[in-house]
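Heads up: the structure comes next, in C-alpha cells.
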Amino acid sequence: MSAWVLPDHIADVLPSEARHIEELRRLLLDTARGYGCELVMPPLLEHLESLLTGTGEALDLQTFKLVDQLSGRMMGLRADTTPQVARIDAHLLNRAGVTRLCYCGPVLHTRPDRPHATREPLQFGAEIYGHAGLEADLEVLLLALDCLKAVKAPAVTVDLADARIVRALFAGVPVDAKVLRDVHAALAAKDASSLQSLTKDFPAASREGLAALVGLYGDAKVLDEARRVLPHTPAIAQALEQLAWIGRHLGGATVSYDLADLRGYAYYSGIRFGIYMPGASDALVRGGRYDEVGAVFGRNRPAAGFSLDVRELVGVVARPPLKAAIRAPWGEQPELREAIARLRAAGETVVCVLPGHESQVDEFHCDRELALQQDRWVVRAL
C-alpha cells in the first residue's frame with residue numbers, strides 16, 4: 001500500500017475547504033460567546049472510564065481504545081466531547097451557579113455514523129450547566145438556531161422529542177439491555193412489526209404506548225394525539241406540555257415532533273432535538289437535556305446543550321467569496337518592506353510574488369497591487 005494512502009473515511013482538508021471551515025468555526029464560536037459561553041479545550045485522549053461511564057453502548061462502540069504506555073491503563077480517543085465538558089464543569093470549575101461552556105475540536109469515530117461521513121468530525125458544541133428549568137433547554141435551542149443563522153444556513157426544521165416518554169413506557173417493565181436496544185432501534189426505524197414482536201410480553205399499557213409512538217410524528221397536532229393515545233401518567237403529561245412550551249417559543253422556526261426519535265447518545269434525559277436542513281442526509285444538529293451526564297464525576301448537575309460537525313456544515317452552506325488580496329513584488333528595499341508591513345497590520349492580505357513566479361495562477365483573488373509610483377509605494381487596482 002502506498003505510504004500516502006489514508007485510512008477509509010479519513011481525509012486531508014485542502015486549502016479552499018480548510019479556509020471555509022475556519023471561517024465557520026470563528027462565526028460559531030463568536031455566536032456562542034455572544035450568549036455568554038466560555039471556551040474550553042478538552043484533551044483528545046483520556047482515561048476510558050472518564051470518557052464512557054454512563055454514556056451507553058453507542059458511544060463505547062464509536063471510541064478508539066488503546067493502552068497508555070506510562071500507566072498501563074486503558075485510554076480512549078474521544079468520540080464525543082460532552083462527557084469531557086461535564087467533567088470540566090464538575091471537577092475543574094466546580095461552580096455552584098449556572099455555567100455556559102462551548103468547544104470546537106476534532107473527535108474520532110471507529111466507524112462513520114452515516115454513509116459518506118468522515119470518521120474525524122470537527123465537533124462544535126455549547127452547553128449550559130446548573131439550571132433545571134426549561135429556560136436552559138430553550139436557550140441552547142435558540143443558540144443553535146442563531147449559529148446556523150450566522151453561517152447563513154438555508155431554511156431549517158426543528159424536530160422535537162423527549163426521552164422521558166419512552167422511559168415512562170418502560171417503567172416497571174423487566175427487560176434486559178439487548179431488548180431495550182432493539183426496541184429503541186425499532187422505534188427509530190418506525191419498524192412496527194419488529195416492535196410488536198419485541199414487546200409481545202410487555203404489559204398492555206406499555207406495549208400499546210410503544211406501538212402508538214411509531215405514528216406520532218408531524219406538526220403540533222401530534223401532541224394532541226399523544227395526549228389521547230398514550231398512558232395518562234404524570235411523566236408523559238409533563239413531557240408533552242414542555243414540548244408544546246418549547247415549540248411555542250421558537251418564533252418563526254418550522255417545528256415538527258417525532259416522539260419515537262431516540263437517535264444519538266444514551267445520556268439524553270429529557271427534551272431532545274434535531275435540526276434538519278436541505279442538502280443534509282440527517283440531522284445536522286442534535287442536542288437536548290442530559291442531566292445525568294455528570295453523575296460519574298460526583299456532581300449530577302442539570303445540563304442541556306447541542307453539537308454539530310463543522311465539516312458537515314461546510315457541505316450544506318454557501319461558501320463566502322474570497323477576501324480580496326493585494327499583490328506585491330518581492331524586494332529588499334526598506335520602503336517596500338515597510339509598506340507591506342503597514343498593509344498587513346491593517347488587516348490586508350498581501351501576497352509577495354517571489355522571483356521567477358510572476359505568471360503563476362492567483363490563488364488569493366488579488367484585485368490590487370502594490371506598485372512604485374513617483375518614488376512612493378501605493379496600492380492601485382488591477
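Which distance in Å, rounded to a whole number, links the C-alpha centroids of the range 199-232 and the range 135-180?
For the range 199-232 versus the range 135-180, the Cα centre distance is 18 Å.
Taking H placed 1.01 Å from N in the peptide plane, check which residues at least 5 places from Ser256 or on another chain put their amide H under 5 Å from its amide H.
Those qualifying (amide H under 5 Å, at least 5 residues apart or on another chain) are Val158, Asp159, Leu160.
Applying the Karplus parametrisation 6.51 cos²θ - 1.76 cosθ + 1.60 with θ = phi - 60° to the phi angles of the range 218-224, what ³J(HN,Hα) value in whole Hz is obtained for each residue in order, glycine and proline being reported as x?
Result, ordered by residue: x, 7, 4, 5, 4, 5, 5 Hz.
Contact order normalised by length for the range 24-121, with contacts defined as Cα pairs under 8 Å and 6 or more residues apart; what percent is it? Walk me through the numbers on the way to the answer.
Working: 120 pairs, mean separation 31.7, N = 98.
In percent, rounded to a whole number, it is 32.
To the nearest 500 deg cm²/dmol, what mean residue ellipticity at 222 nm is calculated for the chain from DSSP H runs of n ≥ 4 alone, each contributing -39,500 (n - 2.57), summed and divided by the residues?
On the way: 13 runs with 132 residues, N = 382.
Value at 222 nm, helices only: -10000 deg cm²/dmol.
Based on the Cβ-Cβ distance from Ala132 to Ala204, what FRET efficiency comes out when R0 is 51 Å, to the nearest 0.05? Walk me through the intermediate numbers first.
Details: r = 33 Å, r/R0 = 0.65.
So the FRET efficiency works out to roughly 0.95.
Hey, what do the phi angles of the range 128-144 turn into as Karplus ³J(HN,Hα) couplings, whole Hz, using 6.51/-1.76/1.60 and θ = phi - 60°, x for Gly and Pro?
3J(HN,Hα) across the range 128-144, in whole Hz: 10, 10, x, 10, 8, x, 5, 4, 5, 4, 5, 5, 5, 5, 5, 5, 4.
Express in whole angstrom the spacing between the alpha-carbon centres of the range 9-40 and the range 323-382.
Here the two parts' Cα centres lie 29 Å apart.
Under 14 Å from the Cβ of Ala171, count the other residues' Cβ atoms, weight Lys and Arg +1, Asp and Glu -1, and hand me the total. Don't jump to the answer; show the numbers that get you there.
On the way: positive: Arg164, Arg167, Arg207; negative: none.
Once positives and negatives cancel, what remains is +3.
Among (1) 47; (2) 34; (3) 40, which one is percent of Cα pairs over 31 Å apart computed from these coordinates?
Derived directly from the coordinates: (1).
Please go through the residue pairs Lys149/Lys323; Lys190/Lys221; Lys152/Lys323; Lys149/Lys190 and name each one whose alpha carbons sit more than 25 Å apart in this structure.
Violating the 25 Å limit, Cα to Cα: Lys149/Lys190.
Give the shape of the range 192-262 as rounded, prolate or oblate, defined through the alpha-carbon gyration tensor: a ≥ b ≥ c are the square roots of its eigenvalues, a/c under 1.5 means rounded, and otherwise the shape is prolate if a/b is larger than b/c and oblate if not. Before the final figure, lay out each step's value.
Values: a/c = 3.05, a/b = 1.85, b/c = 1.65.
Prolate is the answer for the range 192-262, as a/c is 1.5 or above and a/b outweighs b/c.
Over the chain, with a Gaussian network built from C-alpha contacts below 10 Å, which listed residue (Leu169, Leu198, Leu240) shows the highest mean-square fluctuation?
Leu198
Rolling a 1.4 Å sphere over the protein heavy atoms, what is the accessible area per residue of the range 1-63, to the nearest Å²? Intermediate results must be reported in sequence, preceding the final value.
Working: 3960 Å² over 63 residues.
Dividing the accessible area of the range 1-63 by its residue count gives 63 Å².
Check which residues have an amide H placed less than 5 Å from Ala328's amide H, if you skip close sequence neighbours.
Those qualifying (amide H under 5 Å, at least 5 residues apart or on another chain) are Val351, Cys352, Val353, Leu370.
Go ahead and set up a Gaussian network model of the chain, Cα springs under 10 Å, then flag whichever of Gln360, Gln84, Gln196 fluctuates most.
Evaluated over the chain, the most mobile residue of the options is Gln360.
Principal axes first, then extents: for the Cα atoms of the range 325-381, list largest minus smallest coordinate on each axis, whole Å, largest first.
Here the spans come out as 28, 25, 18 Å, largest first.
Of Arg311, Arg301, Arg114, which has the largest mean-square fluctuation in a 10 Å C-alpha GNM of the chain?
Highest fluctuation of the listed residues: Arg114.
Determine ³J(HN,Hα), in whole Hz, for all residues of the range 307-314 in sequence, where each value follows from phi through the Karplus function 6.51 cos²θ - 1.76 cosθ + 1.60 and θ = phi - 60°; x replaces Gly and Pro.
In residue order, the calculated couplings are 8, 8, 9, 4, 5, 6, 4, 4 Hz.
What's the carbon and sulfur percent of the chain's accessible surface, probe 1.4 angstrom, rounded to a whole number?
Numbers: 10900 of 19570 Å².
Heavy-atom surface of the chain belonging to carbon and sulfur, 1.4 Å probe: 56 percent.
Report the extension gain between Asp176 and Cys352 in nm, rounded to one decimal, defined as 0.36 nm multiplied by the number of residues separating them, less their alpha carbon distance. Each step should come with its number before you reach the end.
Details: separation 176, 0.36 × 176 = 63.36 nm, distance 6.68 nm.
Between Asp176 and Cys352, full extension yields an extra 56.7 nm.
Roughly how many Å² is the accessible area per residue of the range 143-226, as a whole number, for a 1.4 Å probe? Display every interim value, and only then the final one.
Details: 4060 Å² over 84 residues.
Here the per-residue accessible area is 48 Å².
Provide the per residue accessible area, probe 1.4 Å, for the range 325-381, rounded to a whole number of square angstrom. Can you show the working numbers first?
Working: 4050 Å² over 57 residues.
With all protein chains present, the range 325-381 gives 71 Å² per residue.
The values are calculated or read from the model by the stated rules, or taken from the named source; none is laboratory data. Being a predicted model, the structure only gives us computed values, none of them experimental. Counting neighbours? That spans all protein chains shown, and the Cβs are built from the backbone with ideal geometry, glycine included. Surface accessibility is based on the protein's heavy atoms, side chains included, excluding ligands, DNA and RNA. Shrake-Rupley method; radii C 1.70, N 1.55, O 1.52, S 1.80 Å.
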